[in-house]
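*Asks:* Handing you this structure, nothing more for now.
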Amino acid sequence: MQFEPDNKIVKLCAKGMDMEGEGKNEEAAKVFLQAWEQASDDKEKFTAAHYLARHQKSVADKLAWDEIALDLALKIKDDSVKGAYPSLYLNIAKGYEDLKEFEKAIKNYETALTCTNFLHEDGYGKMIKGGVENGLERIKTHLTVMILSSRSL
């Protein structure tokens, strides 16, 4: 996605990320909420929602914000945003996995995997692709164990 350093929402999110780096997570969450409240278009709202998701206290709330971020990202008519799709689907899949909603998790992991072509072949791209592959493997292992356990009853 195009980085716009002079954008007020980008500045707020950068400030929030600095606070995260300093371990000031509650303050960071407030800054991200401020960014959300001041965002004036889908791109700004997407950016703020993406960071707000990280500061939710429950998996369900994090998932809700991740889904808001994805919905907004899908509305943005800028191909550079497509590079965020794999990460967004990965986050959503992990939320469903944590909630034990494995069908939805698999669907989102698989969608993330199909979107990995939008990633660069760099450390970040490899990390996201690895996260998707690991998520699918975790669910496969979990479901296999569940099936084997039910057969032994």
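*Asks:* Name every residue in the range 104-145 that is of a type outside the set (A, V, I, L, M, F, W, C) and touching a residue at least 40 places away in the same chain (Cβ under 8 Å), in order of residue number.
*Replies:* Result: LYS129, GLY131, GLY135, ARG138, HIS142.
*Asks:* On to the next question. Which of the residues belonging to the range 69-91 are touching a Lys or Arg at 6+ places or on another chain (Cβ under 8 Å) and aliphatic (A, V, I, L, M)?
*Replies:* Correct list: LEU72, ILE76, VAL81.
*Asks:* Another question about this same structure. Quickly run through the range 1-43 and pick out the residues that are small (Gly, Ala, Ser) and within 16 Å of ALA53 (Cβ to Cβ).
*Replies:* GLY16, ALA28, ALA29, ALA35, ALA39
*Asks:* Taking the stated definitions as given, is GLU20 among the acidic types (Asp, Glu), surrounded by fewer than 14 Cβ atoms within 10 Å (Cβ to Cβ) and either in contact with a Gly (Cβ under 7 Å, 6 or more places away or on another chain) or farther than 21 Å from PHE118 by Cα (or both)?
*Replies:* In short, no.
*Asks:* Let me ask something additional. If the requirement is being under 30 Å from VAL145 (Cα atoms), out of contact with any Lys or Arg (no Cβ under 6 Å at 6 or more places or on another chain) and either in contact (Cβ under 8 Å) with a residue 12 or more places away in the chain or crowded, with 18+ Cβ neighbours inside 10 Å (or both), which of these qualifies: LEU99, LEU33?
*Replies:* LEU99
*Asks:* Can you say whether LYS57 is at negative phi and part of a helix (DSSP H, G or I), as far as the supplied structure shows?
*Replies:* When the stated conditions are applied, LYS57 does not pass them.
*Asks:* Quick check on the range 1-23. Is at least one of its residues outside any helix (DSSP H, G or I) and among the aromatic types (Phe, Trp, Tyr)?
*Replies:* yes
*Asks:* Determine whether the range 74-81 contains at least one residue that is surrounded by fewer than 22 Cβ atoms within 10 Å (Cβ to Cβ), in contact with an Asp or Glu (Cβ under 7 Å, 6 or more places away or on another chain) and free of Cβ contacts under 8 Å to residues at least 60 places away in the same chain.
*Replies:* Looking for residues that are surrounded by fewer than 22 Cβ atoms within 10 Å (Cβ to Cβ), in contact with an Asp or Glu (Cβ under 7 Å, 6 or more places away or on another chain) and free of Cβ contacts under 8 Å to residues at least 60 places away in the same chain, one finds at least one in the range 74-81, hence yes.
Read-outs: derived from the displayed coordinates by stated rules, not from any lab. Computed from a predicted structure; not experimentally measured. When we count neighbours, we look across all protein chains shown, and the Cβ atoms used for this are built from the backbone with ideal geometry, even at glycine.
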